[in-house]
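S.K.: If you scroll down you'll find the structure; I have some questions about it.
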Amino acid sequence: MVTPDSTQVIDPEFAFYGPMGFDIGAFIGNLILAFFAQDGHAGQGNDRKSYKEWILKTIEDTWNLFHQKFTALWDEHKNGSGEAYPPAIYNNPELQKLIQEKYMMELFHDTLGFGAAKMIRRIVGVAHVEDFESIKEVNIRADCEQRALELGKTLLKRRREFVSITKVPVYLTLVLDWTGAVAKHDYVL
């Protein structure tokens, strides 16, 4: 927090300089936790279906907008200083595109991994999320958390099998339905 007279650091343990996938992964992980908590807050006349659909759309939109803006900035500044893939070496447009696609896929997988770690930490760690904590019925809360943990484990272990963000909401819905295939991890991503 900065004012003209002072600067104060709030929660300095969360100040972080590291992989780009961390920030967007943390955001997406929190959206996924909110998604799984909705069944615990549903009641008569409010099944939270439209809100869950909004969360799923927001997950996709977040990654797609990030991807679009990031690659647009990359293209715009490809001849700038500090370029990791200088055109003098990577002077073929097809090669530049291939490198960009590979980098973005790696970043996507990092995003899923960091999001999964955030989800697991917020359920089994000390700092829980209010989305789950405010579910009064213990068995319902446990069921919501278990499904979120199931997805978190899958995202962490199998993140490289997800080839696009569109697969994530589909898988979330399958975990929510808790089919035998998902519980046994034999769903083909």
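S.K.: Name the residue farthest towards the positive end of the dipole of the chain from the options Pro93, His128, Leu174, assuming +1 on Cβ of Lys and Arg, -1 on Cβ of Asp and Glu, about the Cα centre.
M.R.: Result: Leu174.
S.K.: Can I ask one more? Going down the list Lys97/Lys153; Lys136/Lys167; Lys49/Lys167; Lys69/Lys97; Lys49/Lys136; Lys78/Lys118, which pairs span over 27 Å between their C-alpha atoms?
M.R.: Table pairs above 27 Å Cα-Cα are Lys97/Lys153; Lys136/Lys167; Lys78/Lys118.
S.K.: I'd like the FRET efficiency for Val170 and Gln8, computed as 1/(1 + (r/R0)^6) with the beta carbon distance as r and R0 of 30 Å, rounded to 0.05.
M.R.: 0.10
S.K.: If I fit a long axis through the Cα atoms of helix 138-158 and take the longest principal axis of the Cα atoms of the chain, what angle between them do I get, 0 to 90°, rounded to 10?
M.R.: 30
S.K.: Does the chain come out rounded, prolate or oblate, given a ≥ b ≥ c as the square roots of the eigenvalues of its C-alpha gyration tensor, rounded meaning a/c under 1.5 and, failing that, prolate meaning a/b above b/c?
M.R.: Oblate, because a/c is 1.5 or more while a/b does not exceed b/c.
S.K.: What angle, in degrees between 0 and 90 and rounded to the nearest 10, separates the Cα long axis of helix 93-124 from the longest principal axis of the Cα atoms of the chain?
M.R.: 30
S.K.: As I understand it, the value is the acute angle between the Cα axis of helix 49-76 and the longest principal axis of the Cα atoms of the chain; what does it come to in degrees, rounded to 10?
M.R.: The angle comes out near 10 degrees.
S.K.: A further question on this structure: For Phe16 and Lys153 in the same chain, what is the full-extension length gain: residue separation times 0.36 nm, less their Cα-Cα distance, in nm?
M.R.: 46.9 nm
Read the figures in this text as sums done on the coordinates, not as results from a lab. Quick caveat: nothing in here was measured; it's all calculated off a predicted structure. Don't worry about glycine lacking a Cβ; one is built from the backbone with ideal geometry, like all the others, and counts go over all protein chains shown.
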